[in-house]
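Since the structure comes first, as structure tokens, the remarks are kept for the end.
The values are calculated or read from the model by the stated rules, or taken from the named source; none is laboratory data. In this text, all values refer to a predicted model and were calculated from it rather than measured experimentally. Reconstructed Cβ throughout: ideal geometry from the backbone, glycine too, with neighbour counts over all protein chains shown. These area figures cover heavy atoms from the full protein model, side chains too; ligands, DNA and RNA do not enter into them. Shrake-Rupley method; radii C 1.70, N 1.55, O 1.52, S 1.80 Å.
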Amino acid sequence: GDSILVDTKGTYETVYTFGHYAPNAPKVPFAKIRTRNGSQLTLSERHMVVIQKMDTRTMTPIPASRIKKGDTIIHVSGKNDVVVSTEIIHLREG
């Protein structure tokens with residue numbers, strides 16, 4: 001499987017996925033998130049993303065579909081990054 005970064009300490013863990021080619025699969029909604037530093041994420045609407053509440057500095061996981069412009073997320077570098085735009089797009093699953 002592939003390895004993904006799972007924390008700010010540089011720890012990677014193996015992930016396994018099972019995919020099935022389905023050329024006639026319906027398109028499903030995904031959240032596309034762009035950040036101030038130029039990063040872009042495309043996630044399923046239900047994928048959990050941790051945001052930092054700036055007023056309380058608490059970390060709160062929310063579904064990607066609820067991320068909005070101005071939210072602060074943690075970049076893979078471990079630094080805060082601000083969301084500059086979001087949109088729902090439709091991609092073929094499978």
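Overview of results
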{"item": "Exposure of D71 as accessible area (Å², to 10), given a probe of 1.4 Å and all protein chains", "result": "20 Å²"}
{"item": "The chain - percent of accessible surface contributed by carbon and sulfur, probe 1.4 Å", "result": "52 percent"}
{"item": "Debye intensity ratio I(q)/I(0), log10, the chain, q values 0.11, 0.12, 0.15, 0.24 Å⁻¹ (C-alpha model)", "result": "-0.38, -0.45, -0.69, -1.29"}
{"item": "Relative contact order %, region 10-94, counting alpha carbon pairs below 8 Å whose residues are six or more apart", "result": "36 percent"}
{"item": "Area accessible to solvent at E87, 1.4 Å probe radius, in Å²", "result": "80 Å²"}
{"item": "Per residue accessible area of the chain, 1.4 Å probe, in Å²", "result": "74 Å²"}
{"item": "Point-to-point label distance, L91-A22, nm (Cα→Cβ direction, 7 Å offset)", "result": "1.5 nm"}
{"item": "Cleavage-rule hits, chymotrypsin sites (Phe, Trp or Tyr not before Pro), the chain, DSSP coil, Cβ neighbours within 10 Å at most 13", "result": "Y16, F18, Y21"}
